[in-house]
Amino acid sequence: YVAAVYEHESILSPNPTALLDRQSALELMGRNLDIYEQQVVAAARQGAQIIVFPEDGIHGFNYTRSSIYPYLDFILHSRSVKWNPCREPYLFNDTEVLQRLSCMALRNKMFLVANLGTKQPCEHTDPHCPSDGRYQFNTNVAFDDDGMLVATYRKHNLYFEYAFDTPPEPDYKLFDTPFAGKFGMFTCFDILFFEPAVNLIRQYHLKQVVYPTAWMNQLPLLSAVEFQQAFATAFNVNILAANIHHPTLGMTGSGIYTPVKSFIYHNMESYGGKLIVAEIPVITTDYKTNLEKTPCRVLGKENEHLPALFYAEMMYDNFTFVPVWGEKGELQVCANTLCCYLSYQRALLTDELYALGVFDGLHTVHGTYYVQACALVKCGGLSFSTCGQEVTDATALIDFKLWGNMSTPYIFPLLLTSGITLDFADHMGWKNNHYFISKNRTSFGLLTAALYGRWYEKD
């Protein structure tokens with residue numbers, strides 16, 4: 001099927017904490033919706049059957065609970081109401097944004113997914129009801145090609161979003177399409193947690209995911225395109241991921257991903273939005289993990305001269321590292337119960353320092369979640385203290401096999417190359433209770449090769 005995602009440089013409120021009336025809020029949102037409309041038309045010309053827009057794309061961000069209020073549309077989060085906002089605009093008040101989105105879908109005969117702020121009054125008898133008598137949700141909406149509202153999803157894992165409430169329980173939301181079957185949806189930070197993202201995919205055996213996001217890139221392990229690709233690979237799904245474009249805030253990175261190929265956009269230099277349109281296969285079967293015939297060797301006593309261990313901060317976590325020196329070798333490094341192993345060979349020796357790092361513990365900055373990671377990274381400079389820094393360019397071409405005795409089945413294989421481009425492993429999967437990833441010669445210099453494990457039970 002043909003899918004489109006739009007990385008949108010949203011027109012932001014110059015003063016998001018100011019209290020506006022509904023009319024002024026609609027004016028600002030209208031300018032963003034005008035751009036959406038142009039992109040839907042452009043996508044339709046290229047044959048797109050579904051388009052996805054980013055999180056916060058219509059209203060922007062940095063609001064307070066009260067200053068966002070005029071930007072919120074009313075929505076009933078109920079499966080029983082069948083509603084076409086374009087054809088029945090008078091059913092509910094404060095639904096101007098929903099009406100415009102619905103009409104875009106209808107006029108262009110295209111499924112459309114967008115993110116907006118919504119409000120829902122609640123009774124004080126409801127124990128979860130906020131003191132101001134209303135819920136405010138960060139919401140994704142999906143419309144079918146006739147403009148029908150077919151699904152609404154309220155973001156569960158909020159990322160310092162004080163204007164919004166967490167829904168009382170996780171939404172598992174999907175919608176059906178004639179061209180690719182069922183799609184699931186979740187938003188931004190949700191991708192790092194079991195609820196609802198992983199549970200949704202597992203329970204409903206989903207193969208297609210729409211994913212609005214407003215993601216601030218964090219190298220070396222959590223740049224947007226790198227993690228979106230790893231998620232598609234780990235769960236064997238297609239992901240249509242639309243990010244916001246604000247390079248000054250570190251926000252870029254959208255794409256259309258399959259487990260074996262991706263169409264991405266990552267641009268920290270230029271301004272303006274970007275439409276990606278790609279034709280991708282509907283996944284019907286599981287891609288077979290190609291296992292290698294060689295068993296993983298656990299390195300033994302023959303390495304009497306083990307290289308220096310050192311510690312450095314990476315992604316706000318204290319990683320234990322060993323340097324990756326010389327043109328080839330075998331290394332291991334352990335922390336807590338996790339041991340990581342690397343065998344490698346460089347095509348040419350370059351004057352770049354690489355290191356193999358391990359972390360097995362609770363990550364506590366910008367969210368709390370348990371990580372098990374084995375990572376081969378290029379360091380920022382030639383001294384150990386630069387390992388873990390954000391690096392975007394590399395020249396070293398390395399053949400490698402990386403493996404670890406992970407305690408969780410949820411492993412995200414990361415493979416990032418120079419200029420924030422993606423590569424695909426030759427082989428990956430479980431062997432002898434170790435998870436491995438291997439690659440002969442990346443196409444560009446290697447930035448990161450990592451196994452990012454999420455041990456959800458230990459959050």
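The values are calculated or read from the model by the stated rules, or taken from the named source; none is laboratory data. Here the structure is a predicted model, which is why all the values come from computation and not from measurement. FYI the Cβ positions are ideal-geometry reconstructions off the backbone, even for glycines, and counts take in every protein chain you see. We work out accessible area using only protein heavy atoms, side chains counted, and drop any ligands, DNA or RNA first. Shrake-Rupley method; radii C 1.70, N 1.55, O 1.52, S 1.80 Å.
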The one condition in (1) in contact with a Phe, Trp or Tyr (Cβ under 8 Å, 6 or more places away or on another chain); (2) part of a loop (DSSP other than H, G, I, E, B); (3) surrounded by 15 or more Cβ atoms within 10 Å (Cβ to Cβ) that residue 61 fails to fulfil: (1)
Exclusive hit being hydrophobic (A, V, I, L, M, F, W, C), part of a helix (DSSP H, G or I), open to solvent by 10 Å² or more (accessible area, probe 1.4 Å) and over 20 Å from residue 107 (Cα atoms), set 20, 28: 28
Unique match (being open to solvent by 40 Å² or more (accessible area, probe 1.4 Å), in the same structural domain as residue 161 (by the TED database), of a type in the set (A, V, I, L, M, F, W, C) and in contact with a strand residue (DSSP E or B) (Cβ under 6 Å, 6 or more places away or on another chain)) among 111, 92: 92
Cβ-Cβ under 8 Å pairs, at least 6 apart or on other chains, region 223-252 side more than 21 Å from residue 315 (Cβ to Cβ), far side in a helix (DSSP H, G or I): 235/198; 235/201; 237/201; 237/231; 238/232; 239/228; 239/231; 239/232
Which listed residue is surrounded by 24 or more Cβ atoms within 10 Å (Cβ to Cβ) and either polar (S, T, N, Q) or over 28 Å from the mean Cα position of the chain (by Cα) (or both), from 85, 70: 85
Single match in 235, 189, 231, 183 (criterion: closer than 20 Å to residue 260 by Cα and under 9 Å from the mean Cα position of the chain (by Cα)): 231
Tally, over region 328-346, of residues that are open to solvent by 80 Å² or more (accessible area, probe 1.4 Å) and closer than 15 Å to residue 376 by Cβ: 2
Among residues of region 114-145, those that are open to solvent by 10 Å² or more (accessible area, probe 1.4 Å) and either free of Cβ contacts under 8 Å to residues at least 12 places away in the same chain or not polar (S, T, N, Q) (or both), counted: 18
Search result, residues across region 357-383 that are in contact with a His (Cβ under 6 Å, 6 or more places away or on another chain) and aromatic (Phe, Trp, Tyr): 369
Condition met for residue 388 (out of contact with any strand residue (DSSP E or B) (no Cβ under 8 Å at 6 or more places or on another chain) and in a loop (DSSP other than H, G, I, E, B)): no
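Condition check ((1) open to solvent by 10 Å² or more (accessible area, probe 1.4 Å); (2) of a type in the set (Asp, Glu)) across all residues:
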site	(1), (2)
373	no, no
386	yes, no
389	yes, no
396	no, no
399	yes, yes
402	no, no
417	no, no
439	yes, no
Among residues of region 209-223, those that are over 20 Å from residue 389 (Cβ atoms) and in contact with a Gly (Cβ under 7 Å, 6 or more places away or on another chain), counted: 1
Unmet requirement for residue 56, which otherwise passes all of (1) among the acidic types (Asp, Glu); (2) under 27 Å from residue 182 (Cβ atoms); (3) open to solvent by 20 Å² or more (accessible area, probe 1.4 Å): (3)
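Conditions tested, residue by residue: (1) modelled with pLDDT of 95 or more; (2) more than 22 Å from residue 253 (Cβ to Cβ); (3) open to solvent by less than 10 Å² (accessible area, probe 1.4 Å).
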{"residue": "37", "(1), (2), (3)": "yes, yes, no"}
{"residue": "42", "(1), (2), (3)": "yes, no, no"}
{"residue": "47", "(1), (2), (3)": "yes, yes, no"}
{"residue": "50", "(1), (2), (3)": "yes, no, yes"}
{"residue": "103", "(1), (2), (3)": "yes, yes, no"}
